[in-house]
Structures are given as C-alpha cells and as structure tokens.
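The values are calculated or read from the model by the stated rules, or taken from the named source; none is laboratory data. Because the structure is predicted, anything quoted here is derived from the model rather than measured. In this analysis, Cβ positions are derived from the backbone assuming ideal geometry, glycine residues included, and neighbour counts consider all displayed protein chains. Remember, those area values only see protein heavy atoms, side chains included, never the ligands or the DNA or RNA. Shrake-Rupley method; radii C 1.70, N 1.55, O 1.52, S 1.80 Å.
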Amino acid sequence: MSKYIMFGEELLQWLQNLAKESKVLAPVKEEYGYTFAEWDKKSLPGDDYRNTLKPPKDLFFPQHETLLKYEKIKGENPLVEVPDIPEDKRVIFGIRPCDASSLVLLDNIFMGEDYVDPYYEARRSNTLIVSLVCRTRGKSCFCEDLFSTKGSDILIIKVDGNYLVEILTYRGEAAFKGIGSKEADEKIVKKADKLKRTQEEVLDKDIFEKLRTIYDNPIWKQLQEKCVNCGVCTFLCPTCHCFDITDDKRGKKVRSWDSCMFASFTKQASGHNPRPTGTERLRQRIMHKFYYFPEKYHDIACVGCGRCVEKCPVNLDIRQVIEKIRGCLDEKSLSAI
Amino acid sequence: MKNPYQPYEMKVEEIITESPEKDLKTFYLSFVTDQDADNFNYIPGQFAEISILGIGEAPFGIASAPCEKGMLSFSVKKVGSLTGALHELEKGDIVGVRGPLGNGWPINQLKGKDLVVIGGGFAFTTLRSLVKYIIEPKNRQDFGNVDIVYGNRNPGQILYKKELIEDWMNRDDINIYLTIDKPSEGWKYQVGFVPQVTEKVIKPSQNAIALVCGPPVMIKFTLPVLKKLGFTSDRIYTSLEMKMKCGIGMCGRCNIGSKYVCKDGPVFSMAELEKLPSEY
Ligand SMILES: Cc1cc2nc3c(=O)[nH]c(=O)nc-3n(C[C@H](O)[C@H](O)[C@H](O)COP(=O)(O)OP(=O)(O)OC[C@H]3O[C@@H](n4cnc5c(N)ncnc54)[C@H](O)[C@@H]3O)c2cc1C
Ligand code: SF4
Ligand code: SF4
Ligand code: FES
C-alpha cells in the first residue's frame, strides 16, 4: 500500500481531523509514566516517551470490566443484562509496534474460532491503530523488529525530522483518504529501509521448540529462587490474558486481570493444586509464552516490550532467563542469576 | 454468536438428597423458555457453569442425557461457597447455566465398540449421561456390549440409586456391577475397590474402550488393571477436573501444556495425556 511523507504540522492536522469523528488516544505523561489517554489535540509525544506504563491490552480487555449486570427482584425472576459495550470509534496514536503486535496475539484468544469475546471484539473493530516506531531500543527492550508492521493499520517512522507514513490496511487507507500529503519519494523510502536493515538482533529466540525437553529440569527451581510471585510481570505484560470472574455483591459480574504467578490461580476446591510452588508457576509463565502458545498459534507470546524487566521488584530479567535456558539446552553449566 | 458469558435462566424443579451425610444433592433444572431448551444442544461428557447471583459460578458435569428434553440435571457435592449456596436452594428458585462447555465423551469413536464404563463416587455424573444416551432405543444398536463398574465407599454414597437398582440392574442390554469398599448389611452386590472388581468381572474384547471417572486414587490404581486387561492408552478415556472460570479457553487457568481442559477437554484419552506435561 501507499507511503506518504508528512511534516510535523501536517501530522498534527491529520490527527486533529481524525479527532473530529473519533476519540483519539495518545501517550500522555502522568505522574508515574506515560498512559494512553484522550489526546490533547495539540502535541506529539515527547522525545522521552519510550512506552506506556500499562500495556494497550487495557484498552481492549480492561483491568476491570463488568460482563453482566443483574438485579434480584423479590418474588420474580432476576434480571440479567449485558451492559452497553461502547461503540464509539477510536484511534490509538503513538502505540509502539511491539504493543501493536501484542494485539494480534490476543486476537487468537479473544476472537477464536469457537468463542468470541464480544467486549474485546467490539473495541477491536472500532479502533484504528496508528503506531510510532521507536528511534532506538530502550535498555529493557528486546523486540525482534523495531519496524514491525504487525497489528498496525498505519506505521509512522520519523526520518530526518519528518514522518514517513506507511499505510498497511484498508482501514488505514480509509483514514488517510483525501489528505493531500505527498507520496514518499524513493530517497526517503530507501533511507527508512536502511534504518530497518541496520537494526541488530537482540535475542535469538529460535531455541524454544526444544523447551519441552527441559520441562523436568532443576533449572526452573533455580530460576525462580528470587521471584516473590507478585504477578507484576504478568499484569504489565501486553500478551498475558489471564483473568478472574467474580460477583460483586452489588449487581455486577466483573472480570479482572489475574495471574498464573499466584497460588490461588489453579488451586482446586479439593485443596489440590497442580502448580503448588513458584517453580511450577514460573515454568508455566515461560513455557506458555515460548512453547505452549507457539504450539497453538504459531507465534511466541512475548513481544519484547521490556515491561516485566523494568518493573520486576527483584530484577528477575526475562532476557537472562532465556539465556539461562539456552545455556541449559546447550547443556552448559548453570550458575545462579 | 451468543455472548459466551451470558447464562441461561433455569428453574429448580426437583432436588434429591443423594447421601445420608446430605453433602450430595442432585438438582433437576428446567429451561425457562422453549427457545433456550432448543438452543442448549449437548452431548454426554460436556459440562456447564452454574451461577448464583451475588455468589459466583462453578463448573459441573451434566448428569442428564440429551434425550431428557427440556431439562438438565447436576449432582453437586458441597465443598465451598457456590456449592454451599446451591445446597440452600429450594424448588422454584432460579439459577444461571452457561454452556454446554467442553468436548464431551468421544461418541463417534465409541460407536461399534464394546464399552467398559468405570466410575467411582460422585464423579459418576457424566458417565450416567453417557449410559443413558447409549440405552436410548434409537442409539442402542450403535454400540456393542456395555459393562459398568460403579464403586462407592458405602451404599449411602451411590448416586441415582433408584434408577440404577430398579432399571439398570434389570436390563439385559447392559451389565452393571455395583460395588462398595467394605461389606455392609443387606448388600447383595460386589464388595471391594473398583480396580479389583474391574479385574474380576471385566473380560474385554479386542476393540473395547474404557471410560473412567473417579477420584484420583481410583484412577491411579485402575489404569494398571486396564493395561493388564489389554487396554492400550488410546482406548482409555477419562474426564479431568481443573480449577476453571471462563470455560471457553480465555481466562488461562485450566491448561495442561498447550491444552485447555475446559475447551480441549475435559475428556482426554490416556494416549493424549501421556504426551502432555503431568501438571494436573
Ligand atoms: C469439568 C468439571 C466438572 C465438575 N463436575 C462436578 C460435578 O458434577 N459435581 C460436583 O460436585 N463437582 C464438580 N466439579 C467440581 C466443582 O466445580 C467444584 O467443587 C466447585 O468449583 C467448588 O466451588 P465452590 O464455590 O463451592 O468452592 P470454593 O468456595 O471456590 O472452593 C472452596 C475453596 O476453599 C478451599 N476450601 C474449601 N474447603 C476447605 C477446607 N475444608 N479446608 C481448607 N480449604 C478449603 C478450597 O481450596 C477452595 O479453594 C467439576 C469440576 C470441573 C472442572
Ligand atoms: S514477557 Fe515481558 S518483555 Fe515479553 S511481552 Fe511480556 S512484559 Fe513484554
Ligand atoms: S515481577 Fe518478578 S518477582 Fe514479581 S512475579 Fe514476576 S518475576 Fe516474580
Ligand atoms: S476455564 Fe478459563 S481457560 Fe479454561
């Protein structure tokens, strides 16, 4: 599809136009970091913007969500209804390509062949994804491809102070219709291609098909030693999708994020727990991302956003975990992280 | 597509207390509308999430059979908050039912085969559904011989006593062996644990398939007996229990390796389970 070149002013104008008929969400700086919030209609994200604190799954599969509302009526059948699912059109501007690709992974779960989650689907189908490529990787990041187009309708790359706009989908094309922007010339496209070629490989993730062979290896116990099972790594992970469903006593059935790092997650009513200690739980987290998910959906469930690296209270770095596993698969000696 | 979180409303028509301890009850529920009854198409071995507003939801195997139109039945052991609240219900109360969920017994693979149905305790629910389905006149010719071994600690624990003793015991198109762990006064049937009784009474044919449901210890000791009787892993099926919430493969808590027990199961062959991590 087409590629255009835009000045900062033009980009702003285009977004302002979009904001007339859609709600535009963009990274906004708050006390603890960036968050996706309603765009102020005047500024573009600053140079210090690396990524948002919370992953974008929150915009599609919110941390807390009412699935059903109910009312008990004395002497009559209770009233149960689905709350209105917001139908307004949205644009997410400035999402990072790693995060955009996480949405494609989540689609496998929430919009599968057998069941479709209507809340997630409604938001997905109403939202245009305009991603903004990072200039360099952050110190915790390890995405495979800085310029990944997966999950984006439009991808924007800053080249020489201007914006190279790549239209990737029909939805993206529709949002760009009638804009008098210049098609990008060969020179600028070449320049962007050169940027793409020079990015270095961060983590070699080709080892994972062998993960099953170390399922019973003592390495898992060693790897989890300092983990306090707080679950932060999973809550902040853009691809983690575990949730709980509870009834609040005031007429709502609520879904909230949950985590495989908690003992209660799999504990059965009999008291039996298939994952009784941190060892099984860390193994589950890693195996799910790099072995089970790929087995089912042919893609690893980690986009390298680095949130878990950044926010783990005990600095349990998933990149080091992967390296240790590689060492183990290579039958090299193990040493504590 | 239906919102998978929205339950059907069902009315409690009858409650049978199954055990002298009163911790086991069977609930007979009817659909509130005919349309719901038509939409709820299930096969034996599937389960449903039963909900009580303000309390929560939990999964239960469907004990009724598809031919029992317009209603569903569930046998529930009281162990916690939702099961506790279910036990408080009275005739006429309304509950929510979400389903049918899961894969169910592999009916097509069972066709033309001799079947050995082995159950222990209150896990007999979906096996009852299966047998009820098979003995339905229009289905019976699709299956070979049916042998049933059903064991309990004592006679008081047996589910569906009336049906089992008054009907199934007297049928000539199935053989049922009821057993209790220790001798008890007035008991006329088998005595001994399920694995031993199975070994004693079952003479399986070459192509027979075993369907096993019960407490973990029973399964543990029954499997070697089945192997001894010549059953290969691909001819032994069981139904698993895991902690569940969504029941539709989304909430992430019931996986064994890359399989979600709620959606890819709960029924698995031993051959399938042998390929998965032993995390259940
Ligand atoms: C596919 C499937 C089919 C099933 N079919 C059936 C069925 O047909 N019939 C049936 O009865 N059950 C069945 N179950 C099990 C049933 O789902 C659970 O018993 C039910 O979820 C319990 O819910 P609850 O809210 O009553 O218990 P909860 O209140 O959620 O569970 C009790 C919690 O408290 C803890 N707890 C409870 N009692 C004690 C105690 N004494 N000491 C310490 N801790 C305790 C437990 O660890 C548990 O976490 C099935 C499960 C699955 C997955
Ligand atoms: S595992 Fe860590 S780095 Fe990978 S996607 Fe999740 S939060 Fe990001
Ligand atoms: S954030 Fe760190 S300490 Fe917390 S559960 Fe994840 S790995 Fe363990
Ligand atoms: S119960 Fe939610 S994934 Fe199985």
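For beta carbons closer than 7 Å, sequence separation of 6+ or different chains, a first residue in segment B:243-259 that is farther than 15 Å from A:D258 by Cα and a second that is away from ligand 3 (no atom under 16 Å from the Cβ) and among the charged types (D, E, K, R), the qualifying pairs are B:G247/B:E49; B:G247/B:R98; B:I248/B:K263; B:I256/B:E279; B:S258/A:E295; B:S258/A:K296. The single condition among (1) within 16 Å of A:D247 (Cβ to Cβ); (2) at pLDDT below 95; (3) among the hydroxyl-bearing types (S, T, Y) that B:T83 does not meet is (2).
Within the set B:I15, B:I43, the sole residue that is more than 14 Å from chain A (Cβ to nearest Cβ), in a loop (DSSP other than H, G, I, E, B) and of a type in the set (A, V, I, L, M) turns out to be B:I43. Test of understanding: among A:I245, A:I322, A:I337, which residue is at pLDDT 95 or above and closer than 29 Å to A:Y32 by Cα? A:I245 is the lone residue from the list that is at pLDDT 95 or above and closer than 29 Å to A:Y32 by Cα. The set of residues from segment B:60-87 being open to solvent by 30 Å² or more (accessible area, probe 1.4 Å), under 19 Å from the mean Cα position of the chain (by Cα) and over 26 Å from B:E136 (Cα atoms) comprises B:K77, B:K78, B:V79.
Here segment B:236-260 is the region considered, the condition is being open to solvent by less than 10 Å² (accessible area, probe 1.4 Å), among the hydrophobic types (A, V, I, L, M, F, W, C) and within 6 Å of ligand 4 (Cβ to nearest atom), and the residue that is nearest to B:G112 (Cα to Cα) is B:C254. For segment A:71-80, the condition of being within 30 Å of A:T149 (Cα to Cα) and of a type outside the set (A, V, I, L, M) holds for none of the residues. Scanning segment A:19-44 for residues that are touching a residue at least 40 places away in the same chain (Cβ under 8 Å) and open to solvent by less than 50 Å² (accessible area, probe 1.4 Å) returns A:A19, A:S22, A:V24, A:L25, A:A26, A:P27, A:F36, A:W39, A:L44. Only residues that are β-branched (V, I, T) and over 23 Å from B:N207 (Cβ atoms) were counted across segment B:122-181, and they come to 5. Residues being closer than 19 Å to B:I15 by Cα and more than 13 Å from ligand 1 (Cβ to nearest atom): count how many of those fall in segment B:32-87. Residues in segment B:32-87 being closer than 19 Å to B:I15 by Cα and more than 13 Å from ligand 1 (Cβ to nearest atom): 6 in total.
So if I check each of A:D99, A:D114, A:D47, which one is within 14 Å of chain B (Cβ to nearest Cβ) and either surrounded by fewer than 15 Cβ atoms within 10 Å (Cβ to Cβ) or under 17 Å from the mean Cα position of the chain (by Cα) (or both)?
Values: A:D99 fails: within 14 Å of chain B (Cβ to nearest Cβ); A:D47 fails: within 14 Å of chain B (Cβ to nearest Cβ).
A:D114 is the lone residue from the list that is within 14 Å of chain B (Cβ to nearest Cβ) and either surrounded by fewer than 15 Cβ atoms within 10 Å (Cβ to Cβ) or under 17 Å from the mean Cα position of the chain (by Cα) (or both).
Of the residues examined, B:G102 is one that is surrounded by 15 or more Cβ atoms within 10 Å (Cβ to Cβ) and modelled with pLDDT of 95 or more.
In the set A:E65, A:E21, which member is in contact with a helix residue (DSSP H, G or I) (Cβ under 8 Å, 6 or more places away or on another chain) and of a type in the set (D, E)?
That would be A:E65, the only listed residue that is in contact with a helix residue (DSSP H, G or I) (Cβ under 8 Å, 6 or more places away or on another chain) and of a type in the set (D, E).
Taking the stated definitions as given, is A:S152 outside any helix (DSSP H, G or I), at pLDDT 95 or above and more than 13 Å from chain B (Cβ to nearest Cβ)? So A:S152 passes the test. Picking from residues in segment B:211-235 that are outside any loop (DSSP other than H, G, I, E, B) and open to solvent by 50 Å² or more (accessible area, probe 1.4 Å), the one that is farthest from the other protein chains (Cβ to nearest Cβ) is B:K228.
Only one residue in B:K132, B:K200, B:K188 is outside the structural domain of B:P44 (by TED's automatic domain parsing), in a loop (DSSP other than H, G, I, E, B) and either touching a helix residue (DSSP H, G or I) at 6+ places or on another chain (Cβ under 7 Å) or among the basic types (K, R) (or both), so which one is that?
Details: B:K132 fails: in a loop (DSSP other than H, G, I, E, B); B:K200 fails: in a loop (DSSP other than H, G, I, E, B).
Answer to the check: B:K188.
Just one of the numbered conditions (1) within 30 Å of A:E113 (Cβ to Cβ); (2) out of contact with any Leu (no Cβ under 7 Å at 6 or more places or on another chain); (3) in a loop (DSSP other than H, G, I, E, B) is not true of B:T238: (3).
Looking at segment A:218-261, which of the residues that are more than 20 Å from the chain's Cα centre (by Cα) and near ligand 3 (Cβ under 9 Å from one of its atoms) is farthest from the other protein chains (Cβ to nearest Cβ)? Break it down stepwise before answering.
The first filter runs over segment A:218-261 and keeps only residues more than 20 Å from the chain's Cα centre (by Cα), leaving A:218-229, A:245-254.
This time we only want the ones that are near ligand 3 (Cβ under 9 Å from one of its atoms), so: A:224, A:226-229.
Working: A:Q224: 15, A:K226: 23, A:C227: 18, A:V228: 21, A:N229: 15 Å.
Among residues in segment A:218-261 that are more than 20 Å from the chain's Cα centre (by Cα) and near ligand 3 (Cβ under 9 Å from one of its atoms), the one farthest from the other protein chains (Cβ to nearest Cβ) is A:K226.
Flag set for B:I55, criterion: within 14 Å of another protein chain (Cβ to nearest Cβ) and among the aliphatic types (A, V, I, L, M).
Are there helices (runs of 4 or more DSSP H) fully within segment A:161-241 with at least 2 residues that are surrounded by fewer than 19 Cβ atoms within 10 Å (Cβ to Cβ)? List them. Please lay out each step first, then the result.
Numbers: elements: A:170-176, A:186-198, A:219-224, A:232-235.
Once the helices (runs of 4 or more DSSP H) in segment A:161-241 are filtered for at least 2 residues that are surrounded by fewer than 19 Cβ atoms within 10 Å (Cβ to Cβ), what remains is A:170-176, A:186-198, A:219-224.
Yes or no: segment A:207-217 includes at least one residue that is within 16 Å of ligand 4 (Cβ to nearest atom), at negative phi and either more than 8 Å from every other protein chain (Cβ to nearest Cβ) or aliphatic (A, V, I, L, M) (or both). Checking segment A:207-217: not a single residue is within 16 Å of ligand 4 (Cβ to nearest atom), at negative phi and either more than 8 Å from every other protein chain (Cβ to nearest Cβ) or aliphatic (A, V, I, L, M) (or both).
So, B:I94, is that one open to solvent by 10 Å² or more (accessible area, probe 1.4 Å), of a type in the set (V, I, T) and more than 14 Å from every other protein chain (Cβ to nearest Cβ) or not? Walk me through it before giving the result.
Working: open to solvent by 10 Å² or more (accessible area, probe 1.4 Å): yes; of a type in the set (V, I, T): yes; more than 14 Å from every other protein chain (Cβ to nearest Cβ): no.
Judged against the criteria, B:I94 is not a match.
For segment A:264-282, which positions are within 11 Å of another protein chain (Cβ to nearest Cβ) and under 27 Å from the mean Cα position of the chain (by Cα)? Before the answer, list the steps.
Let us first name the residues in segment A:264-282 that are within 11 Å of another protein chain (Cβ to nearest Cβ), namely A:264-276, A:280-281.
Within segment A:264-282, A:S264, A:F265, A:T266, A:R275, A:E280, A:R281 qualify.
Pairing each residue of segment B:194-210 that is buried (at least 16 other Cβ atoms within 10 Å of the Cβ) with any residue that is small (G, A, S), provided the two are 6+ apart or on different chains, yields C-beta distances under 6 Å for B:V194/B:G120; B:V194/B:G151.
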